[in-house]
Amino acid sequence: MINILEMLEESKEKYGDKTAFADSGMRVTYAEAVETARKIGSGLAAEGAARRAVAVLVPKGVTELLSFFGVVYSGNFYVPIDTEMPVERVLLIFQTLNPVRVIVDEKTCDTDLGRFNDLKVRYEELAAEETNGALLTNIRERAIDTDPVYALFTSGSTGVPKGVIVCHRSVIDYAGWCVSTFDLNAETVFGNQTPFYFSMSVLDIYATIRSGAALFVIPKAMFTFPMSLLDFLNENKINTIYWVPSALCLITKFNMLSAVELPCLKKILFAGEVMPTKHLNLWRKYLPDALYANLFGPTEITDIGIYYIVDREFRDDEPVPIGNACRNVDVFVLDEDNQPITEPGKAGELYYRGSYLAHGYYNNWDKTNEAYVQNPLNGAYPEIVYKSGDLVQWNEHGELVYVSRKDFQIKHMGYRIELGEIENAAGAFPEVDRCAAVYDSQKDDIVLYYEGKKCEEEKLRAFLKNRLPVYMMPQKLIKIAKLPLNENGKIDRKQLLSML
């Protein structure tokens, strides 16, 4: 298999009349998806561009997905753009990207893109194009598996977004692993939570078309109303979800699982941030027969490189492992001297190698060369690996456990401290719903924000004193009604720092 469209087309041949994608206003079969995508591809391909960026500025839903596949049919790669993003940031991305086209629809066509306005093309017009079969065949015959499929823009430390560019080979390999590992098939019904500009959506989209599953896009507003969210899962017979922990915790925070049964839900995958063990235990209490899996990895390796299928009990204050490498992925842990760490309990930086690796950052050689480096353990021939910036350690079961980001590691009172360890301790307090620790470098203070209506500060502080050394104790405990989330649904630590 060379091109991701082969997965879509094979499912169309097997399941042509079956629902492929659905949102609150639209539902398409596999046959309809291929037909529309080929029309979009024909319209874009007529301009002759190849392996160039086509931005997709369309609200999340079925039309956005069909736009993606249409771009790939045209021989180019797609770049999802958040329609709620400030225009200034969109233009900053476009300066790096220099797209050949920007797909818009009736809701976004009036967005002022400055000097890029002339690149707009309406989805409705593309979807009405005549299919040029000969042109699409010619494009496919020239395609190779290292051609790019998409670029996803993540935040950059300098304030300039970074576009991670991923090729067909990486997505095909990853989708195949997902389908075989989690036994996904034509009976699978995904309930999508994550935005399509976030790498977690890669599993939803491509495991769907690889297996002939159905993908239901859950309206964003439902993640504010947990009862409606659970009703949606039941009404659409969703049996598989892959959500950020914040979304799962929304359900347990309001004790919804005791009020609503979820008889269809059989597979619960999560990634993107640390899953609080206390909340995982609540899910397992109410859905004991479901499969639970902790998936771990950055956008820079397509989506996931490490996983752990939960197979034993954990205390509320015990971290859930991230596990071991996926098929055809190798991971290793190095200390500050680039020496391998194999013994349990010692933290080091996580490295990845294998076909899941992205090509790098689009039009950003400096950042690419910082992160994608020659394998420090191989001096014999060129071998690029991804230097993740994640700190991990092995446990006594031979599994990896996430410790922190390197940039979450602080120096306080002369000690190196992982903020994640503080969060893990506080998260085990029964009255704490969610929490996040940040470091105020100006005042040299550790600050713990926490949710919990019944949580009293003094009781929480006493609880922490029994679990943390003095140098790790937060100087400030701040109760907050709701931890802020970023556009991906994860805790927004930058906003928490700005609130100090």
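The values are calculated or read from the model by the stated rules, or taken from the named source; none is laboratory data. Values in this document were obtained by computation on a predicted structure and should not be read as measured data. Glycine also receives a Cβ, built like all others from the backbone with ideal geometry; neighbour counts cover every protein chain displayed. Please note that ligands, DNA and RNA were not included when accessible areas were found on the heavy atoms of the full protein model with its side chains. Shrake-Rupley method; radii C 1.70, N 1.55, O 1.52, S 1.80 Å.
So the values come out like this:
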quantity: Residues (at pLDDT below 95, assigned to a helix (DSSP H, G or I) and out of contact with any helix residue (DSSP H, G or I) (no Cβ under 6 Å at 6 or more places or on another chain)) located in the stretch 248-276; calculated: LYS253
quantity: Residue in the stretch 248-263 that is surrounded by fewer than 18 Cβ atoms within 10 Å (Cβ to Cβ), over 30 Å from GLU370 (Cβ atoms) and in contact with a Ser or Thr (Cβ under 6 Å, 6 or more places away or on another chain) present; calculated: no
quantity: Filter pass, GLY163 being small (Gly, Ala, Ser), open to solvent by less than 30 Å² (accessible area, probe 1.4 Å) and in contact (Cβ under 8 Å) with a residue 60 or more places away in the chain; calculated: yes
quantity: The stretch 452-468, subset open to solvent by 50 Å² or more (accessible area, probe 1.4 Å) and not in a helix (DSSP H, G or I), residue nearest to SER404 (Cα to Cα); calculated: ARG467
quantity: Any hit, the stretch 138-157, residues being open to solvent by less than 70 Å² (accessible area, probe 1.4 Å), over 17 Å from THR83 (Cβ atoms) and at pLDDT below 95; calculated: yes
quantity: Subset of the stretch 19-38 (residues that are in a loop (DSSP other than H, G, I, E, B) and either under 17 Å from ILE4 (Cα atoms) or open to solvent by 50 Å² or more (accessible area, probe 1.4 Å) (or both)); calculated: SER24, GLY25, MET26
quantity: Residue list for the stretch 87-125, restricted to those being open to solvent by less than 50 Å² (accessible area, probe 1.4 Å) and either closer than 22 Å to HIS168 by Cβ or hydroxyl-bearing (Ser, Thr, Tyr) (or both); calculated: THR96, LEU97, PRO99, VAL100, ILE103, THR108, THR111, TYR123
quantity: LEU282, sole failed condition from (1) farther than 26 Å from GLU423 by Cα; (2) open to solvent by 50 Å² or more (accessible area, probe 1.4 Å); (3) not in a loop (DSSP other than H, G, I, E, B); calculated: (1)
quantity: Members of the stretch 203-224 found to be open to solvent by less than 10 Å² (accessible area, probe 1.4 Å) and either over 19 Å from TYR30 (Cβ atoms) or among the acidic types (Asp, Glu) (or both), listed by number; calculated: ASP204, ILE218
quantity: Tally, over the stretch 469-483, of residues that are open to solvent by less than 80 Å² (accessible area, probe 1.4 Å) and of a type in the set (Lys, Arg); calculated: 1
quantity: Unique residue being of a type outside the set (Val, Ile, Thr) and part of a loop (DSSP other than H, G, I, E, B) when the list is ALA134, ALA151, ALA128; calculated: ALA128
quantity: Checklist (1) of a type in the set (Lys, Arg); (2) surrounded by fewer than 17 Cβ atoms within 10 Å (Cβ to Cβ); (3) not in a loop (DSSP other than H, G, I, E, B) applied to ARG169, failing item; calculated: (2)
quantity: Unique residue being modelled with pLDDT of 95 or more and either in a helix (DSSP H, G or I) or hydroxyl-bearing (Ser, Thr, Tyr) (or both) when the list is TYR471, TYR449; calculated: TYR449
quantity: Subset of the stretch 484-500 [among the aliphatic types (A, V, I, L, M) and either surrounded by 15 or more Cβ atoms within 10 Å (Cβ to Cβ) or outside any helix (DSSP H, G or I) (or both)]; calculated: LEU485, ILE491, LEU496, MET499, LEU500
quantity: Residue list for the stretch 407-428, restricted to those being surrounded by fewer than 14 Cβ atoms within 10 Å (Cβ to Cβ) and either within 22 Å of the chain's Cα centre (by Cα) or part of a strand (DSSP E or B) (or both); calculated: ASP407, LYS411, TYR415, ARG416
quantity: Subset of the stretch 429-445 (residues that are more than 23 Å from the chain's Cα centre (by Cα) and within 15 Å of GLN475 (Cα to Cα)); calculated: TYR439, ASP440, SER441, GLN442, LYS443, ASP444, ASP445
